Structure formats: structure tokens, C-alpha cells
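Reviewing the structure listed below.
The values are calculated or read from the model by the stated rules, or taken from the named source; none is laboratory data. As the structure is a computational prediction, the values presented were derived from the model and not from experiment. Note that each Cβ is placed from the backbone with ideal geometry, even for glycine, and that neighbours are counted across all protein chains shown. For the accessible areas, the whole protein counts, side chains as well, though only heavy atoms, and no ligand, DNA or RNA atoms are used. Shrake-Rupley method; radii C 1.70, N 1.55, O 1.52, S 1.80 Å.
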Amino acid sequence: MKKKEKRMGIRINFKAKILGLCLPITIIMVISNNDSMAIGIVQAAKENNLSLENLPILGVDATEEGLNAVAANEMACTIFQPAVGQGQAAVKAAIRMVKKESITSLEGAEDELYVWVPFEAVTKNNVKNYQ
């Protein structure tokens, strides 16, 4: 594996097997659907002696493992999704829908289809607030 210094960080060139073919891929950051997937990237990078310093890895869920990785500067960020806020928004929307009322006046409502609940980014600057 080769590492090339670029202005935007380290780009890691490697070959990935996709459908039996080796294709060159350049990675400048990794965004994962959850912290477990992000931790897998961290482990793979360590196993291949790749620096995590300039490879931002982001996870979601603010699990204990994810928070520990953020605190250890192995992950750049994890996302905390407040379950209480999500639950409250879902109940409020459900009540309005049962009454055949619009949800558009709910905070975070969009297009009668969604009610967005703000997430909280957890970085090395605030990780202690979540541990």
C-alpha cells in the first residue's frame, strides 16, 4: 500500500476486490452507518499500519466503543441520536396523524412526511460529556 501526502490529508491507495476484480480506490475519509462499522475501519487501518491522523472516520450511535475511539483520536466523530427526542417526535406525529391533522407545524417537520430530530456530533472536544 502506498501513502501519498496531499493538501487535504493522506490519501490511501489500495486494491479492493469487487466481484472478483481488483480496482484501485482512493480514500480520503470514511463515513459509516454505525460505530461498529467505523471501528472495523479503524482496526483495518491499524492492521495495515495506516495513520489515522489524517483519515477522518465517522460513526453513528455514540456507542461506548465509538466514544472510546473518539477519545483515543481513532475516530474523528460519532453521532449521538437522542432517543427521547426521537420518541417524543414520533408520538406527537402519530397523535396528529390519528386525528387526521397536519404534522407540518411540529418542530423539524418537512413535507408532511418527516419530522427531523437534531442529532449531536460528538468529537474529541465534547466526548467527555457523553462518556
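Points to keep in mind about this one:
- Residue within the stretch 48-56 that is within 20 Å of the chain's Cα centre (by Cα), at pLDDT below 95 and open to solvent by 70 Å² or more (accessible area, probe 1.4 Å) present: yes
- Against the list (1) modelled with pLDDT of 90 or more; (2) touching a Phe, Trp or Tyr at 6+ places or on another chain (Cβ under 6 Å), the condition M1 fails is (1).
- Residue, least open to solvent (accessible area, probe 1.4 Å), within the stretch 59-107, restricted to residues that are outside any loop (DSSP other than H, G, I, E, B) and charged (D, E, K, R): R96
- Scanning the stretch 29-45 for residues that are of a type outside the set (S, T, N, Q), free of Cβ contacts under 8 Å to residues at least 24 places away in the same chain and either touching a strand residue (DSSP E or B) at 6+ places or on another chain (Cβ under 6 Å) or open to solvent by 50 Å² or more (accessible area, probe 1.4 Å) (or both) returns M37, I41.
- Hits in the stretch 64-99 (condition: farther than 17 Å from M37 by Cβ, touching a residue at least 40 places away in the same chain (Cβ under 8 Å) and of a type outside the set (G, A, S)): N73
- Members of the stretch 108-131 that are in contact with a helix residue (DSSP H, G or I) (Cβ under 7 Å, 6 or more places away or on another chain), assigned to a loop (DSSP other than H, G, I, E, B) and hydrophobic (A, V, I, L, M, F, W, C): V117
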